[in-house]
1. Per residue of chain B, what 222 nm ellipticity follows from adding -39500 (n - 2.57) for every DSSP H run with n ≥ 4, rounded to the nearest 500?
2. So which residue, out of A:227, A:258, A:146, gets the largest mean-square fluctuation from a GNM of chain A using Cα contacts under 10 Å as springs?
3. Answer with one residue from B:86, B:234, B:60: the one whose Cα lies farthest towards the positive end of the charge dipole of chain B, charges on Cβ with Lys, Arg +1 and Asp, Glu -1.
4. Between residue B:77 and residue B:172, how many nm apart are label points set 7 Å from Cα along the C-beta direction?
5. To the nearest 20 debye, what charge dipole does chain B have about its Cα centre, counting +1 at the Cβ of each Lys and Arg and -1 at the Cβ of each Asp and Glu?
6. Filter the cross-link list B:172/B:265; B:112/B:263; B:73/B:288 down to pairs whose alpha-carbon distance in this structure exceeds 28 Å.
7. Determine the alpha carbon to alpha carbon distance for each of B:100/B:262; B:166/B:223; B:100/C:64 and list only those over 27 Å.
8. In what sequence, highest mean first, do A:66-77, A:172-183 appear when ranked by Cβ atoms within 10 angstrom?
Amino acid sequence: MAVEGEAGVPAVSASGRRRTRLDLTAPALLGFPVVWLVAFFLVPIAIVAAYSFDIYSLFPGKHGFTLAAWRAFLHSSVYLGLFWKSVKMSLIVSAVVVALAYPVAYYLALSGTKRKYVLLLVLIAPFLTSYLLRVLAWKVILGNEGVLNSFLVWVGVRSRDHPISQLLYSRFAVMLVLTYVWVPFVALPIFVSLESLDRRLLEAACDLGASRWQAFRRVTLPLSLPGVMAGFLFVFIPTVGEFVTPSLVGGTSGYMYGNQISDLFSTGFPDWETGSVLALFLLAVVAVLTAAFARFLQVRQVTAH
Amino acid sequence: MEEGRDLLERRISREDLLKLAAATGAAGLVAGRTGLAGAARAELAKESGRLQVLDWAGYGNDGGQTMFAAYVKKYPKNKPQFTYMTNEADALAKLHAGLKPDLFRPYVGWTKYFATSGLVQPWDPKLISNFKHLNPFMVKAGQLNGKQYGIPEDWGFDQILYRSDKVKPKAKSWGLLFDERYKGKIAWFDDLEMLTIAGLYLGFKNPWNQSDAELKKSQNLLKSKKHLVRLIWSSETNLWEAFGSGELWIAYAWPNDWVQMKKKKLKVVYMHPKEKPIAWVGMLMLLKGTQRYHLAHAYADAWSSAKSAKWLEDNYGYGHANTLARPSSSDLMRVLQITNPRAVTLPNAYFDRDIPRRSLYAKMWEEVKAA
Amino acid sequence: MDVALSANGKRVLRIFFGLLVVFLYAPIAILLIFSFNNSELPTFPLSGFTLHWYHQFLTNADLKGALETSAVVAALSSVGAVLLGVLASVALARKRFAAKAAVSALLLSPLVIPYVVFGISLLLFFHAAGIPRSILTVAIGHIVISLPYTILVLVPRLDQIDVALEEAAADLGASPLQTFRLIVLPLILPAVVSAFLIAFTTSFDEYALASFVVGTRITFPVYLYSALRFPSQLPQVIAVAVVVMVLSLIVVVSAEIGRRVAERRLSL
C-alpha cells in the first residue's frame with residue numbers, strides 16, 4: 001500500500017519506523033466507509049438493475065435477460081404520466097418552500113439581528129423532530145371532524161353538516177404537508193449563502209446609485225442562487241419519490257409515483273420487475289439532476305457552521 | 001444440523017402417528033382420538049419457541065387476543081408472535097423475501113394459488129377438534145385434490161355501504177361505486193378485485209377469468225370513473241376514519257364496516273347488489289417446513305372454537321365458519337344470513353375464487369391507480 | 001443607511017418570520033393540547049383535561065417494545081455511522097488521494113437517493129444475500145443514510161483545526177493514532193457528538209426505509225405508521241408523539257447549544 005504524500009505532514013516525519021506505523025493513510029481510512037457503501041448501497045442498486053432486466057428474480061419461473069419491463073414502462077403513458085404528475089407536485093412544493101424560506105433566511109442573515117443563530121435554531125428545530133408525527137399533526141387538523149373544521153363549527157363559521165371537506169385526502173393536503181415538512185431544511189442553505197455574502201458589495205452598489213431593490217436583484221439574488229438551487233434540489237429530490245405523506249393524507253388524487261413503487265413491492269401482486277424499472281427510472285432522473293447541479297450541492301453550502 | 005435432525009424425527013413420528021391412527025381406527029373414534037391426543041401431546045412437547053403467525057392487523061396482540069386465548073392458556077411458553085400483512089400479495093412478497101412464519105391467513109380467492117405455490121402444506125383436520133363444526137361449503141373451498149390446505153375461519157361479503165341520509169341509489173347495483181352524482185364521496189378498495197367487480201357490473205360471464213377484451217373494458221370503466229373516488233382504501237380503520245367523519249358517503253365495504261358505522265350512529269345501508277355480492281372466507285394456511293406443526297394446529301383449533309367464533313361475530317362483525325356460533329346482533333344475523341349455511345354460494349352470492357391470470361389483473365389494477 | 005433592508009422591510013420580514021414560526025409550531029402545539037384532551041377524537045371544543053392517554057401508552061407493551069427496538073437500532077446505527085464518518089472525514093479533510101472527487105461523491109450520494117428506491121434495493125439485496133430481516137438489517141440501512149450527514153458535520157470542523165497542531169504532535173514523536181486520539185479527537189469532539197445525535201435522530205425517526213427491511217421486531221415509526229390508521233389509538237399515539245417530539249427538541253437544542261459553547265471554548 002503506497003503511502004501518499006500528505007498535505008502538511010513534513011517529509012522529515014516519515015522516518016522508517018514511523019512509516020511502518022503510519023496506518024492512517026487514505027486507503028486505510030477510507031476502506032471501511034467505502035466498502036460499506038459499495039456493499040450496502042451500490043450493490044443493492046445493482047441488484048435492482050438486474051431485477052429490472054429479469055436477470056435475477058426471487059420468484060420461481062423462467063428468467064433471462066429481457067428489456068420487456070423497460071419497454072412496457074417507456075411505452076406506458078400511465079406510469080410516465082404519474083411520474084410527470086409527481087414531478088409537477090414536487091416542483092410546486094419546492095418553489096413554494098423556497099419562496100417561504102428565502103425571506104426568512106434573508107431576514108436572519110442580513111437584518112443585523114444579534115440572535116440570528118438562536119432564531120435559526122428555532123426555525124430548523126421542527127425539522128429534527130419526527131416526520132411521521134408532523135404528518136399526523138396535519139391529519140388531525142385537516143379532517144372533516146378535525147381540529148380546523150371543528151373549530152370553525154365551534155365559532156359558528158360553518159355548520160356541522162357542511163364542513164370544508166376537500167382538505168384531507170387531496171393533492172392539496174399532500175403539497176401542504178410536504179411544504180410544512182421541508183421549509184426549515186431549505187432555510188439553511190439559503191441562510192448560509194446569504195451570510196457569506198460580502199456586504200461591501202451591497203455598499204458599493206448603493207454608492208454607485210443602485211436602489212436597495214436593484215442591489216438585491218443585481219447582487220444579492222445572483223450571489224445567493226447557489227443556496228437557493230441547493231435548497232430547491234434538497235426538497236425536490238426526496239419529495240418526487242415521496243410515498244409516506246401521500247399514503248396518509250393523499251387519497252386517490254394525491255397518489256404519487258413513490259406510492260406506485262411501494263405498492264408494486266408490497267400490496268400489489270408482486271410485480272417486482274416493473275417496480276424495479278420504476279425505481280431505477282426515478283433514480284436515473286435524480287442522478288442526472290444531481291450531476292447537472294452538483295456545483296450547487298457542495299459540502300460547504302449545506303452546513304451552517 | 002440440529003434443525004435437520006428435528007425435522008427427521010418429526011417426520012418419522014408423524015408416520016408413527018398415522019399408523020397409530022390407522023390401527024385405532026377400527027377400534028372406534030374415541031379410542032383413536034385419545035391415542036392421537038396422547039401422541040400429539042408428546043409431539044407438542046418437542047416443539048419449542050414462539051409460534052410465528054403472519055396475520056392481518058387487528059388479529060394479533062393488537063385486539064384479536066380472544067381468538068387464540070385458549071391456545072395461549074394451553075401453551076404459555078409458545079405464545080404467538082405476529083407479523084402483519086397488508087394483503088395476500090404483501091404476504092407473498094414477505095414469504096419470498098425470507099419471512100418464515102408457521103401459519104398465515106390468506107382469503108379464499110388465494111387458496112388455490114398458495115396450495116399450488118409450494119409454499120404451504122395441507123393440515124391434518126384430525127388434529128383440530130373443532131373442525132367438524134365448520135361450514136362444509138367453506139371447508140370444501142379450502143381443499144385441493146382432496147387435501148385440506150385451508151381451515152376456514154372468518155367470512156363475509158363484499159357489498160356496498162352508503163349513507164342513506166345523503167345518497168339515493170338509482171338501483172341496488174355495484175353501479176353506485178361509479179355514480180357521477182357523488183363525485184369525491186366514493187371509496188374503492190385497493191385490490192385487483194375491483195376489476196372483478198367491474199366485470200360483474202358489466203355483466204361478463206366469468207369476471208374472475210375475463211377475456212382480454214373484457215378486461216380492457218373493465219379497466220376502462222375503472223379508469224374513467226376514478227376521478228369520482230376520494231379514497232382507495234387498504235386498511236379498514238382508514239375507511240372508518242374517512243367514512244365516519246363524513247369524508248365518504250359510499251364505499252366498497254365489509255360487514256364489519258357497516259357494524260362500525262352503525263355504532264357511530266350514522267344512517268347507513270349495507271346494500272346487496274343485484275349483480276350479487278362476492279363472499280369470502282379467511283383460510284388459515286400452514287407453511288411448509290414449519291418447526292411447530294402441532295402448535296400451529298392447536299392455534300387453528302383455538303381460532304375455530306365456537307367461543308372464538310361468537311366473539312369474532314360480536315366484535316368484528318364478520319361471520320365465522322363455526323356453524324354453532326350465533327352473533328348477539330340480529331342485524332348481523334340478517335345481513336350475514338347466519339342460519340343459512342349456503343349464504344356464501346349461489347343463488348345468494350358468488351364465492352370468491354381463484355383468478356388464473358392474477359398477475360395480468362394486478363398489472364391492470366396498478367395502471368388504474370397510476371392513471 | 002442599511003444597504004440590505006429598509007426599516008420597513010425589516011419590520012415586514014420580522015412579521016413574516018413570526019408567521020412562519022407560528023406555521024411551523026402550531027401543529028406541534030395542537031398535538032400537545034390534544035394529548036391532554038379527554039376525548040377520543042381530536043375536535044373542538046376541548047372536553048376536559050386528562051392524563052389518561054399518557055397512562056395508556058405507558059402500559060402499552062407493543063408500543064414500548066417498538067420504542068425499545070428503535071432505541072437499539074438508533075444506537076447501533078449512530079455509533080456505526082459516526083465511526084465510519086470519522087474515518088471518511090479525516091481522509092477527506094486531511095489526505096490527498098486519487099479520485100477524491102469520485103470518492104466524496106460516493107460518500108455523499110446516499111443524501112440524494114429517494115428512500116423508496118433505497119428501501120427496495122436493500123430489500124432485494126438482503127434477500128439475494130440470504131440475510132433474514134431483523135433489527136440489524138434496519139441498522140445497516142440507517143448507517144448508509146446517516147453516514148453523509150456525519151461527514152457534513154465533521155469535515156467543516158476538521159477544516160477549522162489548524163494542521164500545525166497535528167504537525168507539532170508528529171514532530172514530538174506521536175504516532176498518527178496518538179495524534180488523532182490526543183489532539184484531533186478532543187478538538188472535534190463537539191462535532192462528533194452532533195454527528196452522533198443527528199445520526200441517532202435520523203434513525204429513530206426513519207420510516208420509509210425501515211418499512212421495507214424491518215423484521216418481526218418493528219421500530220417505533222413502523223408501529224406509529226400502522227397505529228395512525230387506527231382511530232381508537234390516535235390519542236395515545238398523539239401522547240407518545242408529544243413525548244418523543246419534546247424529548248428530541250430538548251436533546252437537539254441542548255446539544256446544539258453545548259456544541260457552540262464547546263467549540264467557542266476550543267477555538268480560543
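1. -12500 deg cm²/dmol
2. A:146
3. Final value for the positive-end residue is B:234.
4. According to this spin-label approximation, the distance is 5.6 nm.
5. Details: 55 positive and 38 negative charges, 164 e Å.
Dipole about the Cα centre, nearest 20: 780 debye.
6. B:112/B:263
7. Numbers: B:100/B:262 39 Å; B:166/B:223 25 Å; B:100/C:64 25 Å.
Among B:100/B:262; B:166/B:223; B:100/C:64, the Cα-Cα distance tops 27 Å for B:100/B:262.
8. Numbers: A:66-77: 14.4, A:172-183: 23.3.
Per-residue Cβ counts within 10 Å, averaged per peptide and sorted highest first, yield A:172-183, A:66-77.
Laboratory data are not the source of any read-out in this text; all were calculated from the coordinates shown. Treat the numbers as computed from the prediction; the structure is a model and nothing was measured. With ideal geometry, Cβ positions are generated from the backbone for all residues, glycine too; neighbour counts draw on all protein chains shown.
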